[in-house]
1. For a quick check of your reading of the model, give me the residue pairs whose first member lies in region 69-98 and is in a helix (DSSP H, G or I), whose second is among the acidic types (Asp, Glu) and open to solvent by 10 Å² or more (accessible area, probe 1.4 Å), with beta-carbon atoms closer than 7 Å and at least 6 apart or on different chains.
2. Just give me the residues in region 220-270 being polar (S, T, N, Q) and either open to solvent by 90 Å² or more (accessible area, probe 1.4 Å) or not in a strand (DSSP E or B) (or both), in sequence order.
3. Quick check: anything in region 113-130 farther than 30 Å from Gln19 by Cβ, modelled with pLDDT under 75 and surrounded by 11 or more Cβ atoms within 10 Å (Cβ to Cβ)?
4. When only residues in region 65-98 that are open to solvent by 30 Å² or more (accessible area, probe 1.4 Å) and among the aliphatic types (A, V, I, L, M) count, which is nearest to Leu24 (Cα to Cα)?
5. Look at region 200-219 and say how many of its residues are on the phi > 0 side of the Ramachandran plot and in a strand (DSSP E or B).
6. I want to confirm something. Restricting to region 186-219 and keeping residues that are of a type outside the set (Lys, Arg) and under 12 Å from Asn246 (Cα atoms), which single residue is surrounded by the fewest Cβ atoms within 10 Å (Cβ to Cβ)?
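The values are calculated or read from the model by the stated rules, or taken from the named source; none is laboratory data. Quick caveat, the model's predicted, so the values are computed rather than measured. Reconstructed Cβ throughout: ideal geometry from the backbone, glycine too, with neighbour counts over all protein chains shown. Ligands, DNA and RNA are excluded from the accessible area calculation, which covers all protein heavy atoms including side chains. Shrake-Rupley method; radii C 1.70, N 1.55, O 1.52, S 1.80 Å.
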Amino acid sequence: MKWLRKKNNLQPSLSLEQQRTEKLAEMGAQLWALRQEQGLSLEQMVALTRIPRRLLQAIEEGNLNDLPEPVYTQGLIRQFADALGLNGVEFSGTFPISSAQVNPQGMGNNSPLEQLRPIHLYFLYILLIVCSVNGLSQLLNNAVLQASNSQNQPYPKQKSIVKPEIAKIKESVEVKSVNDTLSTVQQGKAVQIGVTLKASSWIRVVADGKTEFEGILPEGTHRIWKAQEQLTVKTDNAGGVLMSINQEKAKEMGEPGKEEEVRIAAKPKF
């Protein structure tokens, strides 16, 4: 228990980026475990959330570098959690998005304005822009009508010119979905396994002939390993380890208390 206390004492000194990385890994593991319990695949989650598969996978694996800006990432986590039956707003609210995020110890003394998050300001800003565009559209239409009435002549050509310009202005301020603003992430790994510990167990993982991990993992731990050619997983308690191969549904490696070794080779490329 001493090492846990030391870790807690050092937590405030972590940088904002490190806090995001650690929090994303924790939240991703919880979402992955809940998805496995419900027997849902990533493809099914894509249909439920309309979020690209690569982003859902990045959240579960805690890959912050494969995700967009923190504000968008928090929104993705909220959608993911909502689809799994959680309170998405409450769950995603713990993901830090700025250095000015409220300290939990001082929340009781802060005013409602101080508790506004950047995402709220972002939506407020978009709302103001849309209102401004609508006002501009009405002014332009009124100007065209007044000009046509003063000259007693219809101006169909003038209207046809003004309306496309207004449409372009509206399109320029439309809120683009997160899917359009993200760059594609190449899936470079040929083999991937994810393990979740139902009980404390000893595990050894060898990726492409190199030992990536060997030791005892506590109950509730979720880890992911990747390799280009072959992955080997060995444990002394097969019934206490849930293993998922290439994002498929997790299964027990074997019977409780028994030693088991599983080898997974990459599919040959043609």
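1. Pairs found: Gly88/Asp82.
2. Thr221, Gln228, Asn237, Asn246, Gln247
3. Looking for residues that are farther than 30 Å from Gln19 by Cβ, modelled with pLDDT under 75 and surrounded by 11 or more Cβ atoms within 10 Å (Cβ to Cβ), one finds at least one in region 113-130, hence yes.
4. Filtering region 65-98 for residues that are open to solvent by 30 Å² or more (accessible area, probe 1.4 Å) and among the aliphatic types (A, V, I, L, M), the one nearest to Leu24 (Cα to Cα) comes out as Val71.
5. 1
6. So, considering only residues that are of a type outside the set (Lys, Arg) and under 12 Å from Asn246 (Cα atoms), the one surrounded by the fewest Cβ atoms within 10 Å (Cβ to Cβ) is Gln187.
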